[in-house]
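Here the structure is laid out as structure tokens; the discussion comes afterwards.
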Amino acid sequence: MTLNLCVLTPNRTVWDSEVTEIILSTNSGQIGVLKNHAPIATALDIGILKIRVINNQWVTMAVMGGFARIGNNEITILVNDAEKAIDIDPQEAQQTLKIAEANLNKAEGKRQTIEANLALRRARTRVETILEASTRRS
């Protein structure tokens, strides 16, 4: 009982293989997808994509917003960017988070505040992806 999952960014294919389940962050909350899910197209938020592979292990991935199309046991996810937890350097992610927090604190004006908030959400998602991956391995 599998689904074909394909995760694409503008520059590369991040994932293309069979999975048994996914949990993704939409703009209206998380949804889980198993075999024979009803067809749906949805916008994705910046968040964590959780993938259960054939051997019941979980893989986590940070996704930076986009769209998902689900139907006929195929899931296509088009995102601005995506990183598997194992590819994220924990020290670099923490440093990026600190910089994003500092930039938000010194942001002036509406535009800078919006951009700083977006950078902070991306940085937090990368750190949370690493934490989620480490708790699933425990």
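The values are calculated or read from the model by the stated rules, or taken from the named source; none is laboratory data. What you are looking at is a predicted structure, and each value in this text was computed from that prediction instead of being measured. Glycine also receives a Cβ, built like all others from the backbone with ideal geometry; neighbour counts cover every protein chain displayed.
Okay, here's what the table says:
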read-out: Lone unmet requirement of (1) within 14 Å of residue 125 (Cβ to Cβ); (2) outside the structural domain of residue 125 (by TED's automatic domain parsing); (3) of a type in the set (A, V, I, L, M, F, W, C); (4) outside any strand (DSSP E or B) for residue 54; value: (1)
read-out: Subset of segment 122-138 (residues that are part of a helix (DSSP H, G or I) and surrounded by fewer than 16 Cβ atoms within 10 Å (Cβ to Cβ)); value: 131, 134, 135, 136, 137
read-out: Any hit, segment 88-110, residues being crowded, with 18+ Cβ neighbours inside 10 Å, in contact with a Lys or Arg (Cβ under 6 Å, 6 or more places away or on another chain) and either within 24 Å of residue 8 (Cα to Cα) or of a type outside the set (Lys, Arg) (or both); value: yes
read-out: Some residue of segment 57-65 being among the aromatic types (Phe, Trp, Tyr), modelled with pLDDT under 95 and outside the structural domain of residue 93 (by TED's automatic domain parsing); value: yes
read-out: Top-ranked residue of segment 58-87 - restricted to ones that are in contact (Cβ under 8 Å) with a residue 60 or more places away in the chain and part of a loop (DSSP other than H, G, I, E, B), ranked as farthest from residue 10 (Cα to Cα); value: 73
